[in-house]
Amino acid sequence: DKKFRSRFINHHTQTLARLSDSVSCVFLLSSSFLFLHKERVDRELRERVFGVLELLAQDTLPRRVEKVKREMGLPYSLTPYLFVLFLYFLNVSTINSTKRLKQEAVLFGGNFPALYVIGDSLVDPGNNNNLSTFAKANFPPYGSNFEGGKPTGRFSDGKTIADYIAIYYGLHLVPAYMGLSEKQKNNISTGINYASGSCGVFPDTGKQAGRCLSMSIQVDLFNQTIEKNLKQNFKTQSELNNHLAESLFMTAIGVNDYSFFYNESSTDANSFADKLLYEFWLQIQRMHELGARKFFINNIKPLGCYPNVIAKTVPRGSCNEKINRAITIYNVKLRASLSYMRSHRLSNTSFIYSDYFNFMLGLRGPSSSHVSSNLLNTTSPCCPNCMPRSVACKVPETYVFFDSFHPTQMANFMYAIRCFQERKICHVVRD
C-alpha cells in the first residue's frame, strides 16, 4: 500500500548518499522504482527518486563506470547490465492494480498493536550477541546496509524478513529481548523479538555452537514478558488480553533441526516431520494459552539449495534434492495442520501461511537441480566463511545470500514484495 511504499523509499533515498559505488545506487533505485509505476503515488515521492536517478545518469554513473568495472571484474558494459537488472525487478514485482483492489487493502487486516517474533537466525536481530555461542553476527561486514551501516547481530547485510513485516504493518523494528534492560522491557508494548541463531524447535538443536534459545525457551521468555512487563503497561487484565489477541505472532524456525539432526541415509523423513511438527504445535498451543490469536507462520527454507550445502553437491552448485524433499514433507504437513488446528483445536485463531521454501527456490530460477542463470548470484555468498575482518563482496545487492546460511537484505526485500504486494507466497488460511 501507499504507506509501505513511502516508508521503503524514505529509507533507501536517505541511504543513497552513503553508498560507495554506482552499482548499489542504481540497484536500490531500481527496487525503489517498482513502487512508482503504481497509480496515485505522491508527486513528491516521484520527484525525490527520479531526481536522484537523473543525478546518477548525468554525473555520478558515467564517472564511476570504469572504476566499478575494474573492482568487480565485469567483462561487459555496465550500463546494459544495470538496465536489464532494472527491467528484471520491474518484471518480478509488477502488480496488477485492478486485481489488487479486489483484495483486502492490507494482508491479514493490519492494525496490529505489536509484533512478537519466535525464530532462528533468519530473523534474529541480535539476541545471540548476549549469549555464549559461536553463532554471532555482531561484527563487520554484517550490517553494512543496515541503518547506520553498523552490525546489530542480524545475520545479513541489512534488514531481515521480520523487519520488513514490521515495516509493512507500520510498526517499529522489533528489538532483541536479550539486549533490553528491565526498564526498557517495561516500556515496550509494540513487540519483542526472541529469535536465536542456531536454535530450533527441538530443545537440543544448535547446542553444538554454544548457548541459544530454543523455541520452548523463547515461549518461556514471552511468558515472562507478559508477567513481568506487559502487566505493568495495561490497567486491566481485559486490556492486556485484547493487546495479545490483536497482536501478530511470527514464527520462522525449524531448519536447524534438519541441519543438526536429519540424516539423509538413516532418518525416516515422515517420522522426523511428524515429531518436529508435534513439538512445534506444543509451543504454538502454549502461546495460544497465553493469549496469542493471530499467527504468521513461515515454512522451512530449502536447506538443500543453500551455499553451505551446494558446495558439496555433484554437479557443484546443484541442490541437494534429498534434504529438500524431506523438508517438503514437513511443509506439506504444516500447511495441512494449520487448517485442522484452526477448525478443531484453537478457537478464534487466524493464520497466515508463508511459503518461504518456494520463494527461495524461485530466486534460483526455473530449475533447482542446475546452477542458476539468474542475474542475481544465487549460489555463492557475498561473504564466504564470514568472520570478523572478513572481506565481503562490494555489491551485496546482486547476491541472494550474504553468508553461506543467510539471505541478503535485497533477498529479504524481494520476499516482502512477493508476500505483501504480489500476494504470491503468503495467504490467509481460510480452509
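Some notes on this structure:
- Residue in the stretch 386-405 that is most open to solvent (accessible area, probe 1.4 Å), counting only those that are within 13 Å of Phe139 (Cβ to Cβ) and charged (D, E, K, R): Arg389
- Residue match in the stretch 102-111 (condition: touching a Cys at 6+ places or on another chain (Cβ under 9 Å) and farther than 24 Å from Pro203 by Cβ): yes
- For beta carbons closer than 7 Å, sequence separation of 6+ or different chains, a first residue in the stretch 296-309 that is farther than 30 Å from Ala245 by Cβ and a second that is open to solvent by 10 Å² or more (accessible area, probe 1.4 Å) and among the acidic types (Asp, Glu), the qualifying pairs are Gly304/Glu321.
- Residues of the stretch 173-184 that turn out to be crowded, with 16+ Cβ neighbours inside 10 Å and free of Cβ contacts under 8 Å to residues at least 40 places away in the same chain, as a count: 1
- Some residue of the stretch 332-339 being in a loop (DSSP other than H, G, I, E, B) and surrounded by fewer than 17 Cβ atoms within 10 Å (Cβ to Cβ): no
- Positions within the stretch 406-431 being part of a loop (DSSP other than H, G, I, E, B), surrounded by 24 or more Cβ atoms within 10 Å (Cβ to Cβ) and touching an Asp or Glu at 6+ places or on another chain (Cβ under 7 Å), in sequence order: Thr408
Results for (1) closer than 26 Å to Trp281 by Cβ; (2) open to solvent by less than 50 Å² (accessible area, probe 1.4 Å), shown as yes or no for each residue.
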{"residue": "Pro140", "(1), (2)": "no, no"}
{"residue": "Asn186", "(1), (2)": "no, yes"}
{"residue": "Tyr194", "(1), (2)": "yes, yes"}
{"residue": "Ser198", "(1), (2)": "yes, yes"}
{"residue": "Gln224", "(1), (2)": "yes, no"}
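- From the list Ile310, Ile300, Ile253, Ile323, the one residue that fits, being in contact with a Gly (Cβ under 7 Å, 6 or more places away or on another chain), modelled with pLDDT under 95 and either crowded, with 20+ Cβ neighbours inside 10 Å or more than 25 Å from Ile425 (Cα to Cα) (or both), is Ile310.
- Beta carbons closer than 6 Å, at least 6 apart along the sequence or on distinct chains, pair a first residue in the stretch 377-396 that is basic (Lys, Arg) with a second that is open to solvent by 50 Å² or more (accessible area, probe 1.4 Å) for Lys394/Glu71.
- Within the stretch 278-297, the set of residues being more than 25 Å from Glu239 (Cα to Cα) and open to solvent by less than 20 Å² (accessible area, probe 1.4 Å) comprises Phe280, Trp281, Ile297.
- Of the helices (runs of 4 or more DSSP H) entirely within the stretch 202-311, those holding at least 2 residues that are out of contact with any Ser or Thr (no Cβ under 7 Å at 6 or more places or on another chain) occupy 215-224, 237-246, 255-261, 269-290.
- Tally of residues being assigned to a helix (DSSP H, G or I) and closer than 16 Å to Ser390 by Cα across the stretch 129-148: 0
Residue-by-condition table, conditions (1) at pLDDT 95 or above; (2) outside any loop (DSSP other than H, G, I, E, B); (3) closer than 30 Å to Glu239 by Cβ; (4) open to solvent by 20 Å² or more (accessible area, probe 1.4 Å):
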{"position": "Thr98", "(1), (2), (3), (4)": "no, yes, no, yes"}
{"position": "Ala105", "(1), (2), (3), (4)": "no, no, yes, yes"}
{"position": "Gly110", "(1), (2), (3), (4)": "no, no, yes, no"}
{"position": "Val117", "(1), (2), (3), (4)": "yes, yes, yes, no"}
{"position": "Pro125", "(1), (2), (3), (4)": "yes, no, yes, no"}
{"position": "Gly158", "(1), (2), (3), (4)": "yes, no, no, no"}
{"position": "Tyr164", "(1), (2), (3), (4)": "yes, yes, yes, no"}
{"position": "Leu171", "(1), (2), (3), (4)": "yes, no, yes, yes"}
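The values are calculated or read from the model by the stated rules, or taken from the named source; none is laboratory data. Predicted model, so just to flag it, every value in this text is computed and none were measured. In this analysis, Cβ positions are derived from the backbone assuming ideal geometry, glycine residues included, and neighbour counts consider all displayed protein chains. In case anyone asks, the SASA skips ligands and DNA or RNA and just uses the protein heavy atoms, side chains included. Shrake-Rupley method; radii C 1.70, N 1.55, O 1.52, S 1.80 Å.
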